[in-house]
Each structure stands twice: as structure tokens, then as C-alpha cells.
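Q: Attaching a single structure in C-alpha cells format; questions to follow.
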Amino acid sequence: MRYLRSGPRRLQTQDTGAPRAKTVGLRSGEIADRNIRVILEAIRRHGPLTRMELGRHCGLTGPGITNILRRLAEEKLVTSNRRNGLGGGATATEFALRPEGAFSIGVKLRQRRGEAVLIDLSGQVHDRVYIELDPADKVGLVHAAVRDMVDRHAALPIIGLGIAANDWTQDQSDQIAAMSTIARPYVENECTASLLAERTIGSSGREGGLAMIIIDDDVQAGFLIRGIPYSGVHGRAGSIGEMLTGPDNVQLNTVVGFESLRSRIGDQDFTRLLQGEEFPSSSLSQWIREAAGHLLDPIIAIAGFLAPSVVMIGSDLPQGVIEALIHQLSIERRDTSTRPLLTPWISPMKPASFSGGGVALGAALLPFLNTLLLPPASA
């Protein structure tokens with residue numbers, strides 16, 4: 001398979017203290033690459049589409065669309081079929097995504113556990129494994145898991161590797177690139193990967209902002225503003241786990257993070273939860289009440305400053321636990337005994353569309369977004 005370039009390359013203005021010049025325009029090859037991405041994204045989101053419908057979605061000319069469709073067909077990324085006209089009228093050729101035309105691997109990494117998924121171009125998961133990690137040999141264990149997945153699916157066109165981790169370094173990327181037969185990995189933090197999964201293949205609408213809260217060993221938040229992930233200075237946006245929250249003014253991580261949950265319900269029940277098992281537990285119910293009482297403070301802050309259209313909560317915890325937490329949050333927001341005013345203006349809250357907050361899925365989308373589909377800044 002031939003690959004598109006990894007995105008439009010722009011000249012960087014030197015830091016001379018002079019006013020920034022206008023954005024440098026795209027070269028002809030870069031324009032062609034972007035138009036291909038526009039067509040493929042339109043087919044992926046709205047297909048099957050005829051040439052005329054593609055013209056309405058993309059604003060490109062008929063000959064240009066035809067040339068791009070021919071190239072996508074050669075790359076085995078789209079298929080074509082005849083669409084019958086209404087009432088026995090004229091037929092037209094419609095073009096649809098060919099999901100098996102490209103595959104990608106995504107890896108989510110925490111300190112001692114990880115998850116790897118293999119997805120096709122539509123975002124469908126074809127393989128999933130969980131990884132036990134040792135911080136002393138994280139690169140080796142990730143490489144082994146990726147190598148095994150590639151070997152199991154040797155006949156598939158796997159185009160790249162994405163990694164979602166908050167502590168992955170450039171040196172680790174260099175090491176895994178030297179060891180792997182797949183191209184150098186694309187890396188993002190966990191919340192950004194989760195947001196990319198929601199934006200690209202999730203259920204959330206593209207209008208307005210989106211806030212994602214990930215509950216894991218620590219508590220993080222990510223923001224999607226006008227379709228673009230917002231990271232802040234040095235990627236620090238969303239570090240809500242360090243906030244002092246609740247009437248007892250304690251750090252959010254110490255109440256909502258997984259270590260707090262583990263200490264309350266015990267190692268055995270905590271393992272059952274991470275395996276997806278749901279069961280009645282008074283200790284778990286108490287954790288949900290305390291977690292909601294402290295998590296509401298950053299949610300109020302997010303709603304007040306950003307006013308996203310929805311606040312989503314993702315975690316490796318079972319869906320029922322997340323739904324119970326959201327229900328408890330709705331109770332807490334109406335309780336004026338601990339907060340002096342009602343907060344009816346808080347954005348709607350709902351679970352993330354995917355297990356684990358979609359972090360591994362978002363990581364797997366990174367190679368697609370850097371080679372085939374429109375990146376967030378362009379969509």
C-alpha cells in the first residue's frame with residue numbers, strides 16, 4: 001500500500017521577535033493529499049455516496065473527485081456499487097468505505113497494565129489483548145504484545161501503531177521503532193486519545209465542546225473545542241486529579257482514583273471490577289457516593305468556564321458503575337446542604353461511548369489520522 005503524507009507540512013516562522021507572518025500556503029502535492037483525505041472522510045462519515053453527493057459534501061469538481069476515487073480504489077480503501085434510482089429511474093455509482101483496506105494497532109499504557117487493540121478503517125475492533133507491564137521493561141513488553149498481534153494477523157495491511165500514555169518518552173519511541181517492523185509510533189496522552197475516539201467514531205455530536213473525564217489510577221480531563229483537542233501549556237490542561245475538592249478539601253486523586261477504590265473494596269473485588277464483573281457491594285456504593293461528592297467540584301468548574309455540550313466519563317470500570325456514579329452526581333448537584341446553590345446549568349453527563357473511555361481505540365486511530373483521514377485541526 002502506498003501511504004499519503006503524514007499531513008500538510010508548513011514552514012515555521014523563526015522566533016525573531018517580529019510579528020508573525022500569515023500562514024504559509026499549501027503546496028500542490030499537499031493540496032492533493034488533503035483533498036484525498038476530505039473525500040475519504042466524507043465517505044466514511046456519510047457513505048455510500050455518489051459522485052454528485054460527494055461534490056455537495058466536499059465542494060470539489062467532478063474530474064477531481066473521479067481521479068481521487070480512482071486512486072482510493074487502487075489503494076483498496078473504497079468499493080463501488082450501482083445504486084438503483086427511485087421508481088425505476090436512472091442508476092448511479094455509489095462509493096463506500098472498504099474497512100478492511102487498512103488496519104492499525106493502538107496501545108493504552110498505565111504503570112502496570114496496558115491494553116492493545118487492532119481496528120480496521122471503520123473503527124471496528126478485530127483483536128484485543130491486555131498486557132501486564134513492568135516499569136523496568138515497558139518497551140520490551142509493549143513490543144512483544146504488538147509483535148504477537150502483527151504475527152496473528154500477518155495477512156492484514158497494518159499501517160501503523162499508536163500509543164496513548166501520559167508518561168511515554170521520545171527515547172521509548174526510538175527504542176520501539178528500532179525493534180518493530182511497524183513504522184515509528186504516533187503518541188498522544190490518554191485523554192486526547194479518548195477524545196479522538198469520541199470525535200471520530202463515537203456517538204457524540206461534533207457541535208459545541210466536549211469534556212471527557214477519565215477515572216483510572218488518577219483522574220484526568222480532556223477537552224474537545226470545535227473538534228480540536230485542547231492540551232494547554234505543556235499539555236497540562238485537564239490535570240484535575242490534583243485539585244482540592246469536597247467539603248473536606250482533599251485531593252481528588254485520593255478519593256476518586258483507583259487506589260482509593262481498591263483500598264475500600266479490597267484487591268479481589270477490585271480485580272473483578274476491572275474484568276467487567278458487576279456485583280452488589282456496600283463498600284462500592286459508599287465509594288460512589290464519596291467520589292461523586294468530590295468529582296462534582298471540577299465538573300462545576302468545567303461547566304462554568306467551558307460550558308461543553310456534554311461531560312463524558314470513561315473508565316475501565318463496568319458501565320453500570322459509571323452510570324451509578326453519574327446518577328449520584330445528579331443527586332449531589334441538587335443537594336444544597338453542602339453547596340449553597342443549585343447548579344441546573346451543568347452540562348449533561350453520560351458514559352463514554354467505549355469501554356476504558358476509548359483510550360486504546362483513540363490510540364489506534366492515530367496512524368489513520370496521520371496518513372489517511374482528516375486530522376482534528378482540519379475536520
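The values are calculated or read from the model by the stated rules, or taken from the named source; none is laboratory data. Just so you know, these numbers come straight off a predicted model, no measurement behind them. Please note: Cβ atoms are built from the backbone with ideal geometry, for glycine as well, and neighbour counts cover all protein chains shown. Heavy atoms of the whole protein, side chains included, go into the accessibility calculation; ligands, DNA and RNA do not. Shrake-Rupley method; radii C 1.70, N 1.55, O 1.52, S 1.80 Å.
Q: Does anyone have the angle between helix 190-201 and the longest principal axis of the chain? Alpha-carbon axes, 0 to 90°, nearest 10?
A: 50
Q: Moving on. All other residues with a Cβ under 9 Å from the Cβ of GLU100 taken together, and with Lys, Arg as +1 and Asp, Glu as -1, what is their net charge? Please report the intermediate quantities before stating the final value.
A: On the way: positive: LYS76, ARG98; negative: ASP120.
Counting the neighbours of GLU100, the net charge comes to +1.
Q: Suppose all protein chains stay in the model; what accessible area per residue would a 1.4 Å probe give for the chain, in Å²? Don't jump to the answer; show the numbers that get you there.
A: Details: 18490 Å² over 379 residues.
Solvent-accessible surface per residue comes out at 49 Å².
Q: Take the solvent-accessible surface of the protein heavy atoms, probe 1.4 Å, and return the percent of it on the chain that carbon and sulfur atoms account for.
A: Looking at the chain in its full context, I get 51 percent from C and S.
Q: Please report the net charge: other residues with Cβ closer than 12 Å to the Cβ of LEU273, K and R +1, D and E -1. Kindly include the intermediate steps, with their values, before the conclusion.
A: Numbers: positive: ARG262, ARG264, ARG272; negative: ASP267, ASP269, GLU277, GLU278, ASP316.
After counting each charged neighbour, the total is -2.
Q: Net charge near ALA324: determine it from the other residues with C-beta under 14 Å of the C-beta of ALA324, scoring Lys and Arg +1 and Asp and Glu -1. Please report the intermediate quantities before stating the final value.
A: Values: positive: ARG289, LYS350; negative: GLU278, GLU290, GLU323, GLU332.
So the surrounding residues net to -2.
Q: So for each of 77-84, 266-273, 190-197, 214-221 I average, over its residues, the number of other beta carbons within 10 Å; can you give me the resulting order with the highest mean first? Mind dumping the intermediate values first?
A: Working: 77-84: 15.6, 266-273: 13.9, 190-197: 30.5, 214-221: 23.5.
Top of the packing list down: 190-197, 214-221, 77-84, 266-273.
Q: If you don't mind, another one. Pairing the Cα long axis of helix 282-305 with the longest principal axis of the chain, what angle in degrees results, from 0 to 90 and rounded to the nearest 10?
A: 60
Q: To continue, here is another question. Give me the extension gain from LEU244 to ILE31: residue separation times 0.36 nm, minus the current Cα-Cα distance, reported in nm with one decimal.
A: Numbers: separation 213, 0.36 × 213 = 76.68 nm, distance 4.81 nm.
Extra length available between LEU244 and ILE31 comes to 71.9 nm.
Q: What are the ³J(HN,Hα) values, in whole Hz, obtained from phi via the Karplus relation 6.51 cos²θ - 1.76 cosθ + 1.60 with θ = phi - 60°, for each residue of segment 116-121 in sequence order, with x given for Gly and Pro?
A: Listing the rounded values in order: 10, 10, 10, 10, 9, 5 Hz.
Q: Just the Cα atoms of segment 40-149, one point each, no solvent: what log10 I(q)/I(0) does Debye give at q = 0.16, 0.17 Å⁻¹?
A: Taking Cα atoms of segment 40-149 as identical point scatterers yields -0.77, -0.81.
Q: Could you grab the relative contact order for the chain? Cα pairs under 8 Å, six or more apart, rounded to a whole percent. It would help to have the intermediate numbers written out before the result.
A: Values: 655 pairs, mean separation 65.1, N = 379.
Averaging sequence separation for qualifying contacts and normalising by length gives 17 percent for the chain.
Q: Turning to a different aspect of this structure: With angles folded into 0 to 90 degrees, how steeply does helix 319-332 sit against the dominant principal axis of the chain? Use alpha carbons for both and round to 10.
A: Helix 319-332 and the main axis of the chain meet at about 60 degrees.
Q: Give the average over all directions of the projected area of the C-alpha convex hull of the chain, one decimal, in nm².
A: Details: hull surface 95.5 nm².
The orientation-averaged projected area of the Cα hull of the chain comes to 23.9 nm².
Q: Nearest 5 is fine: what % of DSSP beta bridges in the chain come out antiparallel, could you say?
A: Working: 33 of 50 bridges.
Rounded to the nearest five, the antiparallel share is 65 percent.
Q: With springs only between Cα atoms under 10 Å, which of SER315, SER263, SER122 fluctuates most in a Gaussian network model of the chain?
A: Among SER315, SER263, SER122, the largest mean-square fluctuation in the Gaussian network model of the chain belongs to SER263.
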